[in-house]
Structures are given as structure tokens and as C-alpha cells.
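Notes for the one structure printed next.
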Amino acid sequence: MQKPQISVVIPVYNEQENLPILLEGLVLSLDGLRKSYEVIFVDDASTDKSLNVLQELANKTTSLRIIKFQKNSGQSAAFDAGFKLAKGEIVVTLDADLQYDPGDIPKLLEKLNEYDVVCGWRKKRQDPQLKLISTKIANAVRNKLSGENIKDTGCSLKAFKRDFLVKLKMYKGMHRFLPTLLKMQGAKVCEVEVRHFPRKFGRSKYNIRNRLFKSFLDLLFVAWMKKRNLDYKAEVIK
Ligand code: UDP
Ligand code: MG
């Protein structure tokens, strides 16, 4: 395959019903851009038929690539593997759960003229009440402790200039902190409003218990890194 201009990276864990509908929406949106693209699905060792569905879709779509994980390794690992395979100068991420609208991708890409990273902001987020409340608190704590003002760091729909991603060392859970981590590398980051829908098929892989504690430790780590980030301007004068 020739080097595409855009790479879309999508983590997949038990999303069999969502995949064909998602791909249809993606192709419609990406074809409209009149740019070459590839769609990279990273199967995080799904236990349903996701991988079979992806292989069937790949038979019909040339621009589709599949990475298969040997064991379930989490969303950050899936993004990392996708970023490493991605050939496009521009990388777009989103989830496989149909909670995002691929039709919003052009809006994100437009902003890449001015910025290095464009993050989606789910202004009207469509998740269960408990999740909305816990996320609101988590975002406030995260912003306070890490000195940020990002409205929706957890939104997977994002667009990046690839150069910033290749320098990035990912750790588990770090997909939630990409705007902060990339800002530390000098990236100009902005947020744009995107649509969000309730999950129709499959289930959310996260609950308050498995997110709260680990994410808080991750936050302390990121806040520390940000505080200790080397930040100097120097010139060699002789
Ligand atoms: N996912 C993954 N590995 C995991 C958990 C989730 O690849 O261990 C994928 C999942 O299939 C989806 C995305 O990451 O495409 C976000 O997961 P989910 O929708 O469950 O998270 P939520 O939107 O509820 O926060
Ligand atoms: Mg989701």
C-alpha cells in the first residue's frame, strides 16, 4: 500500500456488532476528504467474533489494516501499536463503540492547520448518569492537580500530527493524558466540540472501580512528570 495521508487508529475489544457500521461511516466521511487513508483496527484479544468480522471487512476494503494482540493489553497499548504502524502524516483516533460520529473527523482535521493536536470535546456526553458524575469530578481533579484546563481529556476522537506521536513513550493508562503529555513535548493543543451517542451494542469496559484508583495514581505520575519536565531555552555560543 502506498503511504497514505491519514491513518485512523481504532482499539477494539469485543465490538463485533459495531465494526461494520463503524467502517461504513468512516469510509463515507474519509472518502469525502479526497485524501488517501488507512484504517488500522487493533484487536485487543477480543473474545467475541470481532477479529473474524474485521477479517471479512478487510476482504472488501483495501485500506484496512488489522493488528491482533495475543492477550488483552488495554487501550493505551492498542493506541501505541496503531501509532507505530501508522504511515499517515496525520493520525486520527476514535473508539470502535459507535459512540462517536466519523462525520466529525473533517472538523478536527481543519484545525490541524493551526494546531498539532485536536481533541474532541463531548459537550453533550451520552453515558450513564453515574459515569457522567464521576467523570466530571475526575476531570476537575485532573485539571487541578496537573495544572491543565482540558475539558474532556478522555474523549478518544482526536487528530494528531504524527511527528508528535512517534516521540511519545506510552504507559498503561496514558491514553487519558495524551493532551498533557504532548503539550510537554511542545505540541499546540486545542479542543473542538464533537457529537456523542449512547452505546447501542456491546458493553463499556470500564467502571468506576477499575478506573478511579488506577487513574488517580496515573494522574499523580503525570502531574509529577509535568512539574519536573525539563523546560529550558539555550544556545551554544561557542
Ligand atoms: N478497548 C480496548 N481494550 C480494552 C478496553 C477497551 O481496546 O481493554 C477499546 C474498546 O473496544 C473501545 C475503546 O477501547 O473501542 C473504549 O472502550 P469503552 O467504549 O468500553 O470505554 P468507554 O467509552 O465506556 O469509556
Ligand atoms: Mg465508549
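The values are calculated or read from the model by the stated rules, or taken from the named source; none is laboratory data. Bear in mind that the values here come from a model prediction, so they are computed numbers and not experimental data. Methodologically, a virtual Cβ is constructed for each residue, glycine included, from the backbone with ideal geometry; neighbour enumeration extends over all protein chains shown. Each accessible area value is taken on the protein alone, full model and side chains, heavy atoms only, with ligands, DNA and RNA left out. Shrake-Rupley method; radii C 1.70, N 1.55, O 1.52, S 1.80 Å.
Assorted remarks:
- Within segment 115-145, the set of residues being surrounded by 11 or more Cβ atoms within 10 Å (Cβ to Cβ), touching a residue at least 60 places away in the same chain (Cβ under 8 Å) and closer than 19 Å to residue 212 by Cβ comprises 125, 127, 131, 134, 138, 141, 142, 145.
- Matching residues in segment 30-60 - criterion: being outside any strand (DSSP E or B), open to solvent by 20 Å² or more (accessible area, probe 1.4 Å) and farther than 21 Å from residue 202 by Cβ: 31, 32, 33, 34, 35, 36, 59, 60
- Matching residues in segment 168-179 - criterion: being farther than 19 Å from residue 86 by Cα, open to solvent by 10 Å² or more (accessible area, probe 1.4 Å) and part of a helix (DSSP H, G or I): 176
- Filtered residues of segment 146-161 (kept if buried (at least 16 other Cβ atoms within 10 Å of the Cβ) and either in contact (Cβ under 8 Å) with a residue 60 or more places away in the chain or not in a loop (DSSP other than H, G, I, E, B) (or both)): 146, 156, 157, 158, 159, 160, 161
- Tally of residues being over 14 Å from the mean Cα position of the chain (by Cα) and not in a strand (DSSP E or B) across segment 180-198: 10
- Residue list for segment 209-233, filter: out of contact with any Lys or Arg (no Cβ under 8 Å at 6 or more places or on another chain), of a type in the set (A, V, I, L, M) and open to solvent by less than 100 Å² (accessible area, probe 1.4 Å): 217, 220, 222, 223, 225
- Screening residue 43 with (1) of a type in the set (Asp, Glu); (2) closer than 25 Å to residue 214 by Cβ; (3) in contact with a Lys or Arg (Cβ under 9 Å, 6 or more places away or on another chain); (4) in contact (Cβ under 8 Å) with a residue 60 or more places away in the chain gives one miss only, at (4).
- Among the residues of segment 123-136, some residue qualifies, meaning at least one is within 16 Å of ligand 2 (Cβ to nearest atom), closer than 16 Å to residue 218 by Cβ and in contact with an Asp or Glu (Cβ under 9 Å, 6 or more places away or on another chain).
- The residues on offer are 165, 112, 98, 94, and the sole one that is open to solvent by less than 20 Å² (accessible area, probe 1.4 Å), out of contact with any Gly (no Cβ under 7 Å at 6 or more places or on another chain) and within 15 Å of ligand 2 (Cβ to nearest atom) is 94.
- Test result for residue 85, within 15 Å of ligand 2 (Cβ to nearest atom), open to solvent by 30 Å² or more (accessible area, probe 1.4 Å) and not hydroxyl-bearing (Ser, Thr, Tyr): no
- Checked against (1) within 16 Å of ligand 1 (Cβ to nearest atom); (2) without any contact (Cβ under 8 Å) to a residue 40 or more places away in the chain; (3) open to solvent by less than 60 Å² (accessible area, probe 1.4 Å), residue 206 passes all but condition (3).
- Against the conditions (1) within 17 Å of residue 39 (Cα to Cα); (2) of a type outside the set (A, V, I, L, M, F, W, C); (3) in a loop (DSSP other than H, G, I, E, B), residue 72 satisfies every one except (1).
Condition check ((1) within 25 Å of residue 127 (Cβ to Cβ); (2) modelled with pLDDT of 95 or more; (3) touching a Gly at 6+ places or on another chain (Cβ under 8 Å); (4) among the polar types (S, T, N, Q)) across all residues:
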{"site": "181", "(1), (2), (3), (4)": "yes, yes, no, no"}
{"site": "196", "(1), (2), (3), (4)": "yes, yes, no, no"}
{"site": "206", "(1), (2), (3), (4)": "yes, no, no, no"}
{"site": "212", "(1), (2), (3), (4)": "yes, no, no, no"}
{"site": "230", "(1), (2), (3), (4)": "no, no, no, no"}
{"site": "234", "(1), (2), (3), (4)": "no, yes, no, no"}
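- Taken as a whole, segment 187-201 holds no residue that is more than 16 Å from ligand 1 (Cβ to nearest atom), within 27 Å of residue 73 (Cβ to Cβ) and exposed (fewer than 15 other Cβ atoms within 10 Å of the Cβ).
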